Amino acid sequence: MHKLMTVMEAAKQGFVFFEGGCGSILQAAGLAPGELPETWNRLHPEIIQKMHFDYMAGGVNILKTNTFGANSMKFGEEGEDSLENLIHLAIDNARHAIKTIESGKDLAGNDLSAEILTKADTNHYVALDVGPLGKLLKPLGDLAFDDAVEIFKKTIQIGAAYGVDLILIETMNDLYEAKAAILAAKETCDLPIFLTTAYDESAKLLTGASPMTVVATAEGLGVSAVGVNCSLGPDQMVPIVEELYRYASIPVIVNPNAGLPRTENGRTIYDVTPELFTKSMQVLAEKGGRILGGCCGTTPAHIGAMIAGMDSLTPQAVTEKNDTIITSYTHGVVFGKRPILIGERINPTGKKKFKEALRNHDIDYILQEGLTQQEKKADVLDVNVGLPEIDEPSMMEEVIYELQAVTDLPLQIDTTNVEAMERALRHYNGKPMVNSVNGKQEEMDKVFPLVKKYGGLLVALTIDEAGIPETAEGRIAVAEKIYKEAAKYGIKAKDIIIDPLAMSISADPRSALVTLDALKGIKDRLGGLTSLGVSNISFGLPSRELVTSSFFMMALQNGLNAAIMNPSSAEMKKIYYTFMALAAIDENCTEYIEYATTLPAVAVVAAPAAGEVKTGTDTTAPGEQDPLVTAVVKGLKERSAALTEEYVKTKTAMDIIDGMLIPALDIVGKGFEEKKMFLPQLLMSAEAASAAFDVIKASMAARGAEQEKKGKIVIATVKGDIHDIGKNIVKVLLENYGFDVIDLGKDVPPELIVETVKKEDVHFVGLSALMTTTVPAMEETIKQLKEAGLDAKVCVGGAVLTQEYADMIHATWYAKDAMETVRIAEEFFAS
Amino acid sequence: MDHPILTYTKDAKELVIDSKEVLRYLGYGREKITEEDKAMVEKLLPEAVSVMHPRACYGRYELSFDEGNVIQLPYGTITSRDLTRNLMGCQELFLFAATIGPAFDTLIKKKRLTSVAEACVLQSVGAAAVEDFVENLCAFLSQEVQKEGYTTRPRYSPGFGDVPLNNQVGLFKTLQPAKYAGITLMDTLIMAPEKSVTAYVGIMKEK
């Protein structure tokens, strides 16, 4: 008789076996296309029970309930096919099969053969099977993360309350959805959570995550076992299982398909036979698979043969892996190998424009700061949006979310506001870096539970109740205290990175030396990792970059692992690349050489002479055209900016705008209206003009002057519509023509538009809709504007709109394209 | 006969994205396209192609017709003159859903911040890419049935002609493209990823 133990105890002792395919078995048994398999828990319990029984007869330990698609989007609360009833029946079917086989009988009541009795003499567990919701989460799709968590919770609550042994979250092809399901399980019950995800041929999830990313994120969230299932056959899973085992400190699950299906004479054929499956699974066990089973196309024959085939094997040990990893939603960044550059520019401290962007809710500006730093090769982006007058938690959550929609760099959540920290941690897609905690008991009590719950690499500052220790010894002691306290929560030392604080040498001449000593001590004596905000060192000194970059080199030499810095700083980049080459991190100096070719001394900086630029279209007048006009018409961004730099020295802003930029835009606009030029050209010109405007604005700001605006316009893509490219085109053009545009973004509720129009005293509103289904939202917006008694004219546009539609929904104007919107606005504000 | 849902993929590098076609989507007349215009598109292709992951799923189902342009599809009946005309004479049909993947949507979102012009051109690049992928898929499906002496009809998508877009609901229920190809249906009946196509492809006896 076997010893009773929990599933985690069993996994500690040796192999544990999962069932194989379910859906493919039901299809073969007659499940019709589009029929919901979960209804078979009620309609055909005997088939479900037999499937479970047959798997156990081959030696399976963990049964997967037939609840893959059981969620509240598919099943209601009432009736025999309610979510609750179907989950209960699914668990009943599994329990019934277990009870039957454990009583030594088959489902017909006959005694079992000795062979089956032996194989079934093992521990049996019921896993609540939780599959994906069939919806992409925002921002890629339309399901909000919080809603996904709630939907998963309903399913898991029912299953956990009815008594399952573990939660299996499976076939996830999106890391974000997997996180939603894991959180739902954690917040519902204390059962072990197993996660398996579906990778494609390139060993990535559909939304891009690598196995390392999944492991780091899942372990951070506290899952008990992690692995791979579905979409691939066992042989294709080899590199995936290798990577999972390489990074996982928890057991690895392997549930492959029986190869890829094909059809022959109307029957589905899977190419991998039980014998081939067994051979491949033996290889996967050697690669680190410990919890083994199958997915689509595998049958009790496959799994039974596989289990017999493991008799002679011992699983690879589950070992603690000491890698310090943070991840984005696609890839991981490993600390301790090469210095990690953390871009510091998303931070309002000392930045007037950034503060303004935060106050005006100009998210695009913040995102652009992020993209620029990515371009400049930052590894990680620090995100700090703290400003006393704004709602930091909401802003933090939004910026993290929007940044992850455009950049695949991991982020560092930088805040002292605990609510902001929690909301960012909760909604982050991957395993983030968290900046920061310090050695004060009160701080540790607040921050550690969050990091324990959500996972993350925590930056710990060497400050405590007594302040910042003046000696390296003192800072090392605080670091030790923090490690110790974190361990009480089960936060591992590898998930803490110490910041021994760089303080200005202008205040204390020995401060750099203390920091450097602390760096060395933390590395050598504690085996810890370190991070520094290096620029602080030069505060109060002239030509700060020189001091900062020299200190950066010294810090690297003393073992610094990560620096919060400005990736656009030429001095810092010089230090970074030379250090990497000199310290033999950049082998063969490959990166250094690549970097060196980008230096100004080597780069080619020849711009075409004014006369050389020809237009290639017949819309420009020959000969006399000003080079700036030509540059804008041709859409040459850099050249337009460079020429404007020259012009602002001798000409007034009005001369440049009215005499060159507007005429240039008119040439292109006319060409567009006459169908001699096309949308991309119109936009490239607009962007060239924007570049010129930026130069003018900067020069006016330097002289304290303000550019006069022609009129204020609110634009938005209406509620329910997430297509904003058309609206953005209109925005770019309107701004070029000197209008003050308040862009409310996409999917904007009517109430917000009304409120903004009222608050900002706006009389011209531009609304965009791409889909017929969202035109009613446009109509509603117009209605609400009227009902609020606002004197605002509305111009509508977008793919599905026509003059007829526009009239029907009582819009003031219909604009067929962006140029026409400009014409309408010009006419309106002129009168 | 069971009704497996099968998948089809193609290396993005093998897709034929014709810059002239891209420009045509953007409204350029064929005769007016210059080398410079083509270069503007081609400059964007390497990055665009690097984030495309063409993937499709399809299933083969029985089909029958009733009086008054009524068609029995695997997920229910629909009344459509246009689809009846397209499928007339077919005993079976394929349903498919195809996409170039979500990373392409992310690229466009990112470009929107750095250059609206490029984002706009990329929209058309994506359309041309998914179109070529679907052409490949249809050629493949045609080959599949040719062995059995069948031929396929030109594809027809929900939302075309008098086939309401809400057929997407049934099609998604039958084909489960979320699971097999990573394509989902939003509440607005628009698909995510954005560059995705679903369609009916009739199968008829070769004459």
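The values are calculated or read from the model by the stated rules, or taken from the named source; none is laboratory data. Predicted, not measured: the structure shown is a model, and the values here were computed from it. For neighbour counting, all protein chains shown are included, and Cβ atoms are generated from backbone atoms with ideal geometry for every residue, glycine included.
Summary table
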| read-out | value |
| --- | --- |
| Unique residue being without any contact (Cβ under 8 Å) to a residue 40 or more places away in the chain and within 26 Å of B:Arg55 (Cα to Cα) when the list is A:Glu187, A:Glu264, A:Glu243 | A:Glu264 |
| Residue check for B:Leu107: within 30 Å of B:Leu23 (Cα to Cα), touching a residue at least 60 places away in the same chain (Cβ under 8 Å) and buried (at least 24 other Cβ atoms within 10 Å of the Cβ) | no |
| Condition met for A:Ile657 (under 24 Å from B:Met40 (Cα atoms), away from every other protein chain (no Cβ under 14 Å) and out of contact with any Leu (no Cβ under 9 Å at 6 or more places or on another chain)) | no |
| Cβ pairs under 7 Å, 6+ apart, first in region A:17-42 and facing another protein chain (nearest Cβ under 8 Å), second assigned to a helix (DSSP H, G or I) and surrounded by 19 or more Cβ atoms within 10 Å (Cβ to Cβ) | A:Pro33/B:Thr174; A:Gly34/B:Thr174 |
| Residue ranges of helices (runs of 4 or more DSSP H) in region A:705-821 with at least 1 members within 14 Å of another protein chain (Cβ to nearest Cβ), under 35 Å from the mean Cα position of the chain (by Cα) and of a type outside the set (A, V, I, L, M) | A:725-736, A:775-787 |
| Flag for A:Thr802 being in contact (Cβ under 8 Å) with a residue 12 or more places away in the chain, out of contact with any Cys (no Cβ under 6 Å at 6 or more places or on another chain) and surrounded by fewer than 17 Cβ atoms within 10 Å (Cβ to Cβ) | yes |
| Residues that are β-branched (Val, Ile, Thr) and out of contact with any Gly (no Cβ under 7 Å at 6 or more places or on another chain), drawn from region A:800-821 | A:Val800, A:Thr802, A:Ile809, A:Thr812 |
| Residue match in region A:123-130 (condition: within 26 Å of A:Lys186 (Cα to Cα) and assigned to a loop (DSSP other than H, G, I, E, B)) | yes |
| Cross-chain or 6+ apart pairs with Cβ under 6 Å, region A:581-601 first and over 19 Å from A:Lys337 (Cβ atoms), then not polar (S, T, N, Q) | none |
| Flag if A:Gly21 is closer than 19 Å to A:Cys230 by Cβ and modelled with pLDDT under 95 | yes |
| Among (1) within 19 Å of B:Ile183 (Cβ to Cβ); (2) without any contact (Cβ under 8 Å) to a residue 40 or more places away in the chain; (3) of a type outside the set (Phe, Trp, Tyr), the one test that B:Thr79 misses | (1) |
| Some residue of region B:86-104 being farther than 25 Å from B:Asp2 by Cα, surrounded by fewer than 18 Cβ atoms within 10 Å (Cβ to Cβ) and not aromatic (Phe, Trp, Tyr) | no |
| Residue count for region A:370-391, restricted to those that are assigned to a helix (DSSP H, G or I) and buried (at least 21 other Cβ atoms within 10 Å of the Cβ) | 2 |
| Counted residues, region A:666-693 - those being within 14 Å of chain B (Cβ to nearest Cβ), part of a helix (DSSP H, G or I) and either without any contact (Cβ under 8 Å) to a residue 40 or more places away in the chain or of a type outside the set (Val, Ile, Thr) (or both) | 16 |
| When residues of region B:46-74 are limited to those that are part of a loop (DSSP other than H, G, I, E, B) and within 24 Å of B:Pro4 (Cβ to Cβ), the one nearest to the other protein chains (Cβ to nearest Cβ) | B:Pro74 |
| Which listed residue is outside the structural domain of A:Lys675 (by TED's automatic domain parsing), within 24 Å of A:Pro139 (Cα to Cα) and at pLDDT 90 or above, from A:Leu770, A:Leu752 | A:Leu752 |
| In region A:630-643, the residues that are closer than 21 Å to A:Ala698 by Cβ and part of a helix (DSSP H, G or I) | A:Ala631, A:Val632, A:Lys637, A:Glu638, A:Arg639, A:Ser640, A:Ala641, A:Ala642, A:Leu643 |
| A:Ala769, sole failed condition from (1) closer than 22 Å to A:Phe693 by Cβ; (2) crowded, with 19+ Cβ neighbours inside 10 Å | (1) |
| Residue that is farthest from A:Thr197 (Cα to Cα) [pool: residues in region B:154-176 that are part of a loop (DSSP other than H, G, I, E, B), within 12 Å of chain A (Cβ to nearest Cβ) and of a type in the set (S, T, N, Q)] | B:Asn166 |
| Number of the condition not met by A:Arg338 [criteria: (1) within 14 Å of another protein chain (Cβ to nearest Cβ); (2) part of a loop (DSSP other than H, G, I, E, B)] | (1) |
| Some residue of region A:55-77 being within 28 Å of B:Tyr61 (Cβ to Cβ), away from chain B (no Cβ under 14 Å), out of contact with any helix residue (DSSP H, G or I) (no Cβ under 6 Å at 6 or more places or on another chain) and part of a loop (DSSP other than H, G, I, E, B) | yes |
| Every residue from region B:177-192 that is within 22 Å of B:Thr77 (Cα to Cα), within 7 Å of chain A (Cβ to nearest Cβ) and either of a type outside the set (S, T, N, Q) or crowded, with 20+ Cβ neighbours inside 10 Å (or both) | B:Asp187, B:Leu189, B:Ile190 |
| Residues located in region A:130-175, provided they are basic (Lys, Arg) and either closer than 15 Å to B:Pro193 by Cβ or buried (at least 24 other Cβ atoms within 10 Å of the Cβ) (or both) | A:Lys135, A:Lys138 |
| Breaking point among (1) modelled with pLDDT of 95 or more; (2) more than 16 Å from A:Ala94 (Cβ to Cβ), for A:Pro45 | (2) |
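Listed here are the residues, each with its yes/no results for (1) farther than 29 Å from B:Ile190 by Cα; (2) in contact with a helix residue (DSSP H, G or I) (Cβ under 9 Å, 6 or more places away or on another chain); (3) surrounded by 20 or more Cβ atoms within 10 Å (Cβ to Cβ).
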residue: A:Lys697; (1), (2), (3): yes, yes, no
residue: A:Met700; (1), (2), (3): yes, yes, no
residue: A:Gly704; (1), (2), (3): yes, no, no
residue: A:Leu733; (1), (2), (3): no, yes, yes
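Every residue, every condition in (1) at the interface with chain A (Cβ under 7 Å from one of its Cβ atoms); (2) more than 30 Å from A:Arg262 (Cα to Cα), yes or no:
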position: B:Lys10; (1), (2): no, no
position: B:Lys13; (1), (2): no, no
position: B:Arg24; (1), (2): no, yes
position: B:Gly27; (1), (2): yes, yes
position: B:Glu31; (1), (2): no, yes
position: B:Thr34; (1), (2): yes, yes
position: B:Ala39; (1), (2): no, yes
position: B:Glu42; (1), (2): no, yes
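Yes or no, residue by residue, for (1) assigned to a loop (DSSP other than H, G, I, E, B); (2) within 13 Å of chain B (Cβ to nearest Cβ); (3) among the aromatic types (Phe, Trp, Tyr):
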position	(1), (2), (3)
A:Thr171	no, yes, no
A:Leu206	yes, yes, no
A:Val214	no, no, no
A:Ala218	no, no, no
A:Gly222	yes, no, no
A:Pro239	no, no, no
A:Tyr245	no, no, yes
A:Asn257	yes, yes, no
